[in-house]
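Novice: The structure's right below; bear with me while I get my questions together.
The values are calculated or read from the model by the stated rules, or taken from the named source; none is laboratory data. Worth saying up front: this structure is predicted, and the values here are computed from it rather than measured. Backbone-built Cβ (ideal geometry, glycine too); neighbour counts: all protein chains shown.
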């Protein structure tokens with residue numbers, strides 16, 4: 001059943017991607033500016049601009065341009081970058097690992113932050129720890145991610161000199177070190193929602209009859225919290241985490257630029273500024289696929305955590 005469900009979701013991916021291509025292709029042509037004039041400069045002659053339009057196919061009607069784009073896409077070709085003069089697939093392939101590692105890093109950090117805070121709050125509802133955790137969550141939700149990233153750079157890079165200000169480092173160790181601050185920035189924006197979900201679910205689980213029965217049999221408090229409270233609460237937390245990672249795929253546009261990471265987010269921003277239509281379209285498609293895959297993995301994890309759930 002699980003394999004059949006995954007196959008069906010992958011088939012649904014096709015119309016989703018098609019809808020994204022239509023939305024992005026026609027929306028980007030509404031952005032002010034001419035790619036040819038941006039490439040040649042303000043002093044370019046009309047003849048030079050017209051010649052570049054013909055070379056890039058921008059002189060064709062927009063529906064014809066979309067048809068040509070889809071024809072290439074069906075053959076696995078995302079097109080040619082107007083400014084980098086290289087394939088869009090090659091550009092994306094070189095930067096995709098950075099973005100994926102950043103998202104994975106952020107997901108791990110958000111779990112490491114959220115679980116202890118939620119456990120501390122749920123053990124004694126309305127206690128001092130619970131009030132402190134909820135106050136921290138409210139502050140975290142209200143802070144913009146770019147501001148959090150800037151503060152982390154000032155404290156841990158400029159003042160304490162623990163991490164580099166920006167960049168991606170060299171080698172696996174260097175990559176992981178350089179992703180601590182951007183990953184923490186994203187995790188801080190996810191953690192408050194995870195803590196709230198985990199706290200509410202754990203309180204409900206800890207007040208249930210089966211937990212009272214476990215206590216009557218002599219189960220210790222840590223065992224009750226970990227085995228019964230956290231395990232049952234993790235189901236809703238997985239859903240919250242999956243949904244927010246999907247939204248934060250687009251949030252990497254800001255974070256990667258704040259920390260000068262060579263990922264898809266920074267490439268996307270530069271492509272928008274350069275009016276590099278093929279690169280913007282290619283990255284948007286990749287982001288759409290990542291979001292759908294994350295949602296799919298969330299549903300699968302939900303079913304694996306709760307045997308009562310059936311993937312229909």
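Novice: Tell me, please, whether a residue that is closer than 24 Å to residue 244 by Cα, free of Cβ contacts under 8 Å to residues at least 12 places away in the same chain and surrounded by 13 or more Cβ atoms within 10 Å (Cβ to Cβ) can be found in segment 162-182.
Specialist: No; the residues of segment 162-182 include none that is closer than 24 Å to residue 244 by Cα, free of Cβ contacts under 8 Å to residues at least 12 places away in the same chain and surrounded by 13 or more Cβ atoms within 10 Å (Cβ to Cβ).
Novice: Please verify whether residue 151 is assigned to a helix (DSSP H, G or I) and either over 20 Å from the mean Cα position of the chain (by Cα) or at negative phi (or both), treating the condition exactly as stated. Walk me through it before giving the result.
Specialist: On the way: assigned to a helix (DSSP H, G or I): yes; either over 20 Å from the mean Cα position of the chain (by Cα) or at negative phi (or both): yes.
In short, yes.
Novice: Given the structure, is residue 252 at pLDDT below 85, under 14 Å from the mean Cα position of the chain (by Cα) and surrounded by 20 or more Cβ atoms within 10 Å (Cβ to Cβ)? Lay out the reasoning, then the answer.
Specialist: Numbers: at pLDDT below 85: yes; under 14 Å from the mean Cα position of the chain (by Cα): yes; surrounded by 20 or more Cβ atoms within 10 Å (Cβ to Cβ): yes.
It is true that residue 252 is at pLDDT below 85, under 14 Å from the mean Cα position of the chain (by Cα) and surrounded by 20 or more Cβ atoms within 10 Å (Cβ to Cβ).
Novice: Considering (1) within 20 Å of residue 291 (Cβ to Cβ); (2) crowded, with 17+ Cβ neighbours inside 10 Å, say which one residue 23 fails and leave the rest.
Specialist: With (1) within 20 Å of residue 291 (Cβ to Cβ); (2) crowded, with 17+ Cβ neighbours inside 10 Å applied to residue 23, the lone miss is (2).
Novice: Let me ask you something else. Count, please, the residues in segment 69-78 that happen to be in contact (Cβ under 8 Å) with a residue 60 or more places away in the chain and either in a loop (DSSP other than H, G, I, E, B) or more than 13 Å from residue 25 (Cβ to Cβ) (or both).
Specialist: Total satisfying the criteria: 1.
Novice: Taking the condition assigned by TED's automatic domain parsing to the domain that holds residue 185, farther than 19 Å from residue 271 by Cβ and within 28 Å of the chain's Cα centre (by Cα), does residue 96 pass?
Specialist: Details: assigned by TED's automatic domain parsing to the domain that holds residue 185: yes; farther than 19 Å from residue 271 by Cβ: no; within 28 Å of the chain's Cα centre (by Cα): yes.
For residue 96, the condition - assigned by TED's automatic domain parsing to the domain that holds residue 185, farther than 19 Å from residue 271 by Cβ and within 28 Å of the chain's Cα centre (by Cα) - is not met.
Novice: Those residues that are farther than 16 Å from residue 30 by Cβ and touching a helix residue (DSSP H, G or I) at 6+ places or on another chain (Cβ under 7 Å), I need them from segment 57-68; list them, please. Full working, then the answer.
Specialist: First, the residues of segment 57-68 that are farther than 16 Å from residue 30 by Cβ: 57, 59-60, 64, 67-68.
Within segment 57-68, 57, 59 qualify.
Novice: Taking the criterion of being more than 25 Å from the chain's Cα centre (by Cα), more than 26 Å from residue 131 (Cα to Cα), outside any helix (DSSP H, G or I) and at pLDDT below 85, would at least one residue in segment 159-169 satisfy it?
Specialist: So far as segment 159-169 goes, no, none of its residues is more than 25 Å from the chain's Cα centre (by Cα), more than 26 Å from residue 131 (Cα to Cα), outside any helix (DSSP H, G or I) and at pLDDT below 85.
Novice: Moving on. When you look at residue 153, is it assigned by TED's automatic domain parsing to the domain that holds residue 246, within 25 Å of residue 124 (Cα to Cα) and surrounded by 17 or more Cβ atoms within 10 Å (Cβ to Cβ), yes or no?
Specialist: Values: assigned by TED's automatic domain parsing to the domain that holds residue 246: yes; within 25 Å of residue 124 (Cα to Cα): no; surrounded by 17 or more Cβ atoms within 10 Å (Cβ to Cβ): yes.
Here the answer is no, as residue 153 does not meet what is asked.
Novice: Something else about it: For the structure I just gave you, tell me whether residue 176 is assigned to a helix (DSSP H, G or I) and modelled with pLDDT of 85 or more. Show your work before the answer.
Specialist: On the way: assigned to a helix (DSSP H, G or I): yes; modelled with pLDDT of 85 or more: yes.
The answer is yes for residue 176.
Novice: Okay, next question. Checking the condition under 29 Å from residue 234 (Cα atoms), in contact with a helix residue (DSSP H, G or I) (Cβ under 7 Å, 6 or more places away or on another chain) and either in the same structural domain as residue 182 (by TED's automatic domain parsing) or crowded, with 22+ Cβ neighbours inside 10 Å (or both), which residue from 294, 269, 280 passes?
Specialist: Values: 269 fails: under 29 Å from residue 234 (Cα atoms); 280 fails: under 29 Å from residue 234 (Cα atoms).
None of the other options fit; the residue is 294.
Novice: Which ones in segment 1-48 are over 25 Å from residue 268 (Cβ atoms), over 26 Å from the mean Cα position of the chain (by Cα) and outside any loop (DSSP other than H, G, I, E, B)?
Specialist: Answer for segment 1-48, where residues must be over 25 Å from residue 268 (Cβ atoms), over 26 Å from the mean Cα position of the chain (by Cα) and outside any loop (DSSP other than H, G, I, E, B): 4, 46, 47, 48.
Novice: Kindly establish whether residue 242 is modelled with pLDDT under 70, touching a helix residue (DSSP H, G or I) at 6+ places or on another chain (Cβ under 7 Å), within 22 Å of residue 111 (Cβ to Cβ) and in the same structural domain as residue 149 (by TED's automatic domain parsing).
Specialist: For residue 242, the condition - modelled with pLDDT under 70, touching a helix residue (DSSP H, G or I) at 6+ places or on another chain (Cβ under 7 Å), within 22 Å of residue 111 (Cβ to Cβ) and in the same structural domain as residue 149 (by TED's automatic domain parsing) - is not met.
Novice: List every residue pair whose Cβ atoms sit under 7 Å apart, with the two residues 6 or more apart in sequence or on different chains, where the first one lies in segment 125-148 and is part of a helix (DSSP H, G or I) and the second, anywhere, is surrounded by fewer than 16 Cβ atoms within 10 Å (Cβ to Cβ) and modelled with pLDDT under 85.
Specialist: Close Cβ pairs satisfying both conditions: 130/124.
Novice: Would you mind finding the one in 106, 89 that is farther than 21 Å from residue 149 by Cα, in contact (Cβ under 8 Å) with a residue 24 or more places away in the chain and assigned to a helix (DSSP H, G or I)?
Specialist: Details: 106 fails: farther than 21 Å from residue 149 by Cα.
Matching residue, one of 106, 89: 89.
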